[in-house]
Amino acid sequence: MDATVAAVTLPAAVPFARPLLLIAAAMVAVPLFKRLGLGSVLGYLAAGIVIGPAVLRLFVDPAEIMQFAELGIVMFLFLIGLQLRPSRLWSMRRDIFGLGTAQIVATAVAVTWFAMTLFDLSWKGALVAGVGLSLSSTALVMQMIEERSETQTTFGSKAFAILLMQDLAIVPLLALLPLLSPQPASGGEHPARALLEVIAAVGGVVAIGRWVLNPMFRLLAASGAREIMTAAALMVVIGAASLVSLAGLSMATGAFLAGVMLAESNFRNQLQVDIEPFRGLLLGLFFMSVGMTVDLEVIAGYWDQILGGVAALIVVKVVVLYLVMRLARSGHADAVRVSLFLAQGGEFGFVLYSAAVSAKVMPAVLGSGLITVVTLSMAATPLVVGLRRLLLRRHPAPEIDADLVESDGQVVLIGFGRFGQVLSQFLVADGIDLTIIDTDPAMIRSAGRFGFKIHYGDGTRLDVLRAAGVGRAKLVAIATEAPATTNRIVDLVKAEFPLTRVFARSYDRAHALTLLDRNVDFQVRETFESALVFGRETLKALGLDDDRVGAILDGVRRRDAERMVLQHQAPTPGALPAPGPRTSPPPDETSAEPLAADVPAVDAEPAATAAPPAAAAAITRRPPPVRRARRVISATPANNR
C-alpha cells in the first residue's frame, strides 16, 4: 500500500516526473519487445499497461494523455499525405470507396449478427458494436507496415485505401447514434447544414494548401530561421486537423488532406524532416495511452466473454477481409496480408462507445467491455500478423507497387546499388529533392529501414520515367550496373526528354565511349576515380611529396582524358563490346584493347586509334615514377575501368 501511495504522489513531488516516467517506460519496454521480435507497438502498449491505472497507477487518467497523444496520429497521416499526390489519390478511388465501403458494411453485418447470436445483445447495441468493430487502427496498421518497409507494396496500398475509407466513415457513424438513442432529440444540427460544413471545411483546407501555403513557406524560408519553418509545419498540421474537426471529421483526415495538398510543394522534404521527430514520439505516446485504458478488473470479471469477443472479432474480420479482397480480384497472398494486418478494432471505438453510453444506446458495462476488446485486439495484432509466415510459406515477399512512383524531384536517380547509394548521400546532404527508383525489392526494403524513400520501377519503361518526373527533373543520374540497361535508359531519356541532362555511370572504357556516342552530358567509369585515389595514397606511402604526387595524378588524369577524346573521335573498327553482368568477368577480357590505350606507362597508342603524331607524342610522355611501374602491369591485359 505504501509503495502504491508513493508511486501515485511521485509525479506531484518531482518536477517533470510524468514525462520522465513515460520516457523511461518506453526506453525499457520498446527495446525489450523489439529484441523478442514482438515489435515496438506491443512494447508501447505493455509499458502503458504497467504504468497505467491497472498496475502501478502512476497515471490514473489515460484520456488526458490520449487527447494530447492523438497528435501523433494526426502527424502520421500528414506524412502519409505528403507521399500521395492528388493524381495518385484519385487513382486509388476504387479501392477507397469500393473496397473500403464493402469491408465496412460486410464486417459490420457479420459482427452485429455474432453479437446478437452469441452474446444476446439488443439489436441497437449489437449494431453500434458492429459498426465500431468494423473499423481498424490506422495508427497501428500503418506503423507496422512502415516498420516492415512495405508501404509501397500492393497490399500496403490496398490496406491504406481501406483505412482511409474507415476514417471518412466516422462522421456518418457518429450521426447514427442520435437515431438509435432512446433519449429525445435535442434539436441537433440539420443534416444538410452538417454536410455543408464538411464540404466547406474540406474546401478550405484544399484552397489554403493550394494557394496559401507555398507562398508562406517561401517567405519563411527567405528569413533563414529554421525554427520558424518547424513552427510553421506544426501550425499547418494542427491547423488543418482543427479546421476539419469543427465540421465533425476526424483530425487525422484534415491532416491527411493538408499533406496531399503539399505533396507537390518544393518544401515537401523539409516538412517531412521537421515533422518526423514529433510524429514518432507522439505516436508512441498514443500507444502507451491505449495500454493505460486496459481495465484488469473488467477483464477479471468478464474474462470469458472478453477473450471470446477478442477471438471472435479477429476471426470474423480475417475471414470477411479475405473474402472481400478475393472478390475484388486480389491475389491470395495480398488478401491474407491485408486480412491479418486489419484484424483488430480501431482507436475510433473509444470515441464511439463512450458516445453510445452517453446516448443510452448501450449500458456502461458493455461500453467498457467493448473498449477492452478493442484494446486487447490491438495488442494481439503483432501476434496475428506473425501468422502470415505460416500461411504464406510458399509465397514470395509482397510485390512492390510500381504505380506509387509519382514524384517531382530535381534529380531522378535510377539504380540504388553501391554506386547510387554513395551518390545519393551528396544530394541528400544538400537537401536536394531526390527521386530514387530501383528494381530490386530486397534493396528497397533494406534501404527503407535506414530512412531512404525508394520507389519500385523499371527505368527502361517510358511510363515509369514519366511517373518518376523525368520530364520535370533538372537531371537524370543513371547508376545502373548492367551496361545494356544503362544504354537503353540513356536512349529512352534522350529520345523522350531531350531537355533533361543525363549523367551516367559507365562500366569501363568501352562503355564510356558508347555513352559519349549517345551524347550523355557526363559519364564516369565506376572504378577510375577510386583507382586514382588508391594510386595517390600509394605514392604518398612510398615517400613522394604532395606536390609530386599531385603532378603525377594530374598527368594521369589529363592523358586519360586526351586519349578518351581521340578514341571517341576515331573509333576503332570492331571495338570492344560492353561486358556482361557484374556477376562474371567480361567475356572478351583477354582480347580487350591493349593496356597502351589506358595506362600512361606504355610507349605508344595502338595504331587503330589513328592518333596524330603530335597528339601521340603528348600522350606517351610520362614521368619516371610511372615508367617504373610499367614492369608490374604491362603484361596484364585490361579494359581500363
What's the number of the only condition in (1) at pLDDT below 85; (2) farther than 17 Å from Thr107 by Cα; (3) assigned by the TED database to the domain that holds Glu70 that Arg394 fails to meet?
(3)
For the range 80-125, what are the residues that are in contact with a Phe, Trp or Tyr (Cβ under 9 Å, 6 or more places away or on another chain), under 20 Å from Ile170 (Cβ atoms) and free of Cβ contacts under 8 Å to residues at least 40 places away in the same chain?
Thr112
Residues that are exposed (fewer than 14 other Cβ atoms within 10 Å of the Cβ), at pLDDT below 85 and of a type in the set (Ser, Thr, Tyr): find the helices (runs of 4 or more DSSP H) completely inside the range 1-94 holding 1 or more of those.
2-13, 86-91
Using the structure shown, decide if Gly100 is small (Gly, Ala, Ser), within 30 Å of Asp334 (Cα to Cα) and outside any loop (DSSP other than H, G, I, E, B).
yes
Restricting attention to helices (runs of 4 or more DSSP H) lying wholly within the range 119-178, give those where 1 or more residues are of a type outside the set (A, V, I, L, M) and more than 30 Å from Ile437 (Cα to Cα).
123-133, 154-168
Enumeration of residues in the range 219-256 that are touching a residue at least 24 places away in the same chain (Cβ under 8 Å) and either open to solvent by 30 Å² or more (accessible area, probe 1.4 Å) or among the hydroxyl-bearing types (Ser, Thr, Tyr) (or both)
Ala221, Thr230, Leu234, Ile238, Leu243, Leu246, Gly248, Ser250, Met251, Thr253
Among the residues of the range 287-310, is any of a type in the set (S, T, N, Q), assigned to a helix (DSSP H, G or I), in contact with a Pro (Cβ under 8 Å, 6 or more places away or on another chain) and at pLDDT 80 or above?
yes
If a residue has to be part of a loop (DSSP other than H, G, I, E, B) and over 17 Å from Asp560 (Cα atoms) to count, how many in the range 497-521 make the cut?
8
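The values are calculated or read from the model by the stated rules, or taken from the named source; none is laboratory data. Just so you know, these numbers come straight off a predicted model, no measurement behind them. Neighbour counts are summed over all protein chains in view; Cβ atoms, including those assigned to glycine, are modelled from backbone coordinates with ideal geometry. Note: accessible area is taken over every heavy atom of the protein model, side chains too, but ligands, DNA and RNA are not part of it. Shrake-Rupley method; radii C 1.70, N 1.55, O 1.52, S 1.80 Å.
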